[in-house]
Amino acid sequence: MNGLERRVVVVVAAALLMGPVTSACAADEEPKEDAPKAEKPKVSPVEVTASSDGFAIKSESGDFKLELKGLVQFDGRFFLSDSDNALTNNLLIRRARPIFQGTVAKYFEFNLTPDFAAGTTVIQYAFLTAKTSPRFAVKIGKYKPPIGIERLQADASTAFVERALPASLESNRDVGVQIQGELAKGAFSYAAGIFDGTPDGASVDFDVNDGKALVGRLFLYPFKTGRAPLKGLGFGISGSTENQSGPAATVAGYRTGGQNTFFSYATGVAPSGTRTRVSPELAFFSGPLGILAEYVRSKGELLKTTTTTATATTPATTTTSGPFAFDNHAWQATLSVSLTGDESSFEGVKIKKPFDPAKGRWGALQLAARVNGFEASPESFAKGFADINKSARKASAWGVGLNWYLNKNVKQVVSFERTTFTGGAAKGADRTPESALLIRSELKF
């Protein structure tokens with residue numbers, strides 16, 4: 001065995017001898033604890049749903065929730081017996097609204113609803129509600145002030161394509177803050193708030209003067225918690241008071257069910273002083289029957305500013321007449337009956353058999369009838385604040401409608417309304433009656 005071979009044998013032998021020694025020493029040592037591992041953050045599971053109520057993402061606790069809803073209404077307006085072609089038949093997108101709403105940190109609810117109809121973008125709703133219980137909540141942002149029972153009804157729940165004449169005298173949407181709540185399991189509800197203030201029938205996004213509107217509503221369902229036939233009977237009152245004086249304040253005109261203006265004030269007329277609205281309201285829903293009725297009175301004071309153009313011999317002059325009191329009234333009563341026996345409610349018809357031809361199901365049919373009227377102050381014409389040759393002093397309307405609820409999401413509506421007028425045409429003659437056929441295809445989720 002040469003020297004190299006001897007060295008290799010020695011190294012191998014040493015390795016074999018050291019193996020057991022190393023193992024024995026390792027066995028005598030205390031076991032070492034594993035190094036602590038960083039904890040992974042816990043991710044709460046979320047629930048994703050899609051149903052006839054829309055799309056939603058909700059946390060496991062339900063304290064956080066995001067809902068995506070929508071409303072699209074495609075309308076057709078056709079005016080019959082319009083021999084002088086004063087009114088325009090039209091096909092239009094009446095409403096196109098993606099609706100984002102939900103809950104943040106359990107007690108805070110939000111709603112953001114833009115509207116892209118008519119080629120413009122308008123924020124219809126943008127509000128936050130802090131709600132600790134059904135008995136008390138605080139709501140801040142842009143929404144409908146609590147006045148007018150049909151005005152407060154959702155746009156997808158009305159029995160007719162368009163609202164009745166009282167809606168022209170009530171606030172549409174305003175910016176403000178209100179407290180609200182329900183007591184006695186919903187038998188009594190209240191709402192009261194302070195808002196920027198709006199002209200009749202109008203919406204605003206900001207104020208044009210320092211005056212603010214106080215708006216309130218009380219509503220009672222005296223038999224709601226029992227089993228009496230009158231369980232669905234409710235009545236209440238709402239009202240507002242505001243100061244809308246100032247050169248930037250405006251007055252609005254009034255429109256028919258066909259959305260045509262039949263009354264407007266003369267050029268230069270503006271509000272002055274305090275304006276008040278009051279509206280007694282009634283609702284009754286029982287089985288397939290539904291009744292909705294209200295009366296609205298809007299009164300206040302107006303100023304009229306007249307400016308003459310300067311001539312070669314006389315300078316320009318500005319004169320103001322008033323203030324002059326106005327007192328306008330409107331009312332409506334709507335009756336609806338489900339022909340298929342489905343239950344009626346303030347939120348619409350609750351469908352028993354959604355549309356499914358394969359199973360012989362065709363949805364729900366609802367028949368509706370309505371009468372409504374409007375009357376302006378006669379003195380408005382006598383004082384020159386309105387022109388009897390352009391604005392009607394009275395309007396009276398009756399209408400019928402047939403609504404087909406295919407399911408919770410799709411509805412087809414056909415309404416006919418005839419409106420007659422007192423005044424509003426040349427030489428003080430009566431304006432030509434309006435016969436409006438309104439058709440709507442609606443998708444909501």
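The values are calculated or read from the model by the stated rules, or taken from the named source; none is laboratory data. Note that this is a predicted model, so its numbers are computed, not measured. Cβ: placed from backbone, ideal geometry, glycine included. Neighbour counts: every protein chain shown. Only protein heavy atoms, including side chains, enter the accessible area calculation; ligands, DNA and RNA are left aside. Shrake-Rupley method; radii C 1.70, N 1.55, O 1.52, S 1.80 Å.
When each of 352, 411, 359 is tested for being of a type outside the set (Gly, Ala, Ser) and under 24 Å from the mean Cα position of the chain (by Cα), the lone residue that passes is 411. For segment 127-145, the set of residues classified as assigned to a strand (DSSP E or B) and either open to solvent by less than 30 Å² (accessible area, probe 1.4 Å) or under 25 Å from residue 279 (Cβ atoms) (or both) consists of 127, 129, 133, 136, 137, 138, 139, 140, 141, 142, 143, listed by residue number. None of 413, 349 is closer than 28 Å to residue 73 by Cα and either in contact (Cβ under 8 Å) with a residue 60 or more places away in the chain or open to solvent by 60 Å² or more (accessible area, probe 1.4 Å) (or both) except 413.
Residues in segment 75-103 that are of a type in the set (Asp, Glu) and in a strand (DSSP E or B): 75 alone.
Would you confirm whether or not segment 181-195 contains a residue that is more than 30 Å from residue 425 (Cβ to Cβ), outside any strand (DSSP E or B), hydroxyl-bearing (Ser, Thr, Tyr) and open to solvent by 20 Å² or more (accessible area, probe 1.4 Å)? Taking every residue of segment 181-195 in turn, none turns out to be more than 30 Å from residue 425 (Cβ to Cβ), outside any strand (DSSP E or B), hydroxyl-bearing (Ser, Thr, Tyr) and open to solvent by 20 Å² or more (accessible area, probe 1.4 Å). Applying a threshold of 7 Å to beta carbon distances and a minimum spacing of six or more residues, or different chains, the list of pairs starting in segment 310-325 at a residue that is in a loop (DSSP other than H, G, I, E, B) and ending at one that is open to solvent by 70 Å² or more (accessible area, probe 1.4 Å) reads 316/307; 316/309.
In this structure, residue 368 does not satisfy being open to solvent by less than 30 Å² (accessible area, probe 1.4 Å), in contact with a Lys or Arg (Cβ under 6 Å, 6 or more places away or on another chain) and among the hydrophobic types (A, V, I, L, M, F, W, C). Looking at segment 123-149, which of its residues are on the phi > 0 side of the Ramachandran plot and either touching a helix residue (DSSP H, G or I) at 6+ places or on another chain (Cβ under 7 Å) or of a type in the set (A, V, I, L, M) (or both)? Selection gives 148 alone. Only residues that are in a loop (DSSP other than H, G, I, E, B) and open to solvent by 80 Å² or more (accessible area, probe 1.4 Å): list them for segment 286-309, please. The answer is 309, and nothing else. Taken over segment 105-126, the criterion of being within 30 Å of residue 91 (Cβ to Cβ) and open to solvent by 50 Å² or more (accessible area, probe 1.4 Å) is satisfied by 112, 116, 118, 119, 120, 121, 122, 123.
In segment 354-368, the residues that are at positive phi and free of Cβ contacts under 8 Å to residues at least 60 places away in the same chain form Cβ pairs under 7 Å with partners that are open to solvent by 80 Å² or more (accessible area, probe 1.4 Å) and among the aromatic types (Phe, Trp, Tyr), at six or more places apart or across chains, as follows: 363/404. Give the residues of segment 208-231 that are within 20 Å of the chain's Cα centre (by Cα) and either assigned to a loop (DSSP other than H, G, I, E, B) or of a type in the set (Asp, Glu) (or both), sorted by residue number. None - no residue of segment 208-231 is within 20 Å of the chain's Cα centre (by Cα) and either assigned to a loop (DSSP other than H, G, I, E, B) or of a type in the set (Asp, Glu) (or both), so the list stays empty. The criterion of at least 1 residues that are more than 30 Å from residue 71 (Cβ to Cβ) and of a type outside the set (D, E, K, R) is met, among strands (runs of 3 or more DSSP E) falling completely within segment 382-445, by 392-405, 410-423. For segment 416-445, enumerate the residues that are without any contact (Cβ under 8 Å) to a residue 24 or more places away in the chain and either closer than 19 Å to residue 166 by Cα or among the hydroxyl-bearing types (Ser, Thr, Tyr) (or both). Hits for segment 416-445 are 416, 418. Entry remark, segment 107-128: residues being over 15 Å from the mean Cα position of the chain (by Cα) and either at pLDDT below 95 or not charged (D, E, K, R) (or both) number 6 in total.
Residue 65 fulfils the conditions (1) surrounded by 17 or more Cβ atoms within 10 Å (Cβ to Cβ); (2) within 27 Å of residue 413 (Cβ to Cβ) except for a single criterion, (2).
Only one of the numbered conditions (1) more than 18 Å from the chain's Cα centre (by Cα); (2) without any contact (Cβ under 8 Å) to a residue 60 or more places away in the chain; (3) surrounded by 13 or more Cβ atoms within 10 Å (Cβ to Cβ) is violated by residue 76, and that is (2). Starting from residues that are surrounded by fewer than 18 Cβ atoms within 10 Å (Cβ to Cβ), modelled with pLDDT under 95 and among the aliphatic types (A, V, I, L, M), keep the ones in segment 229-251 and report whichever is nearest to residue 208 (Cα to Cα). Per the criteria, the residue is 248.
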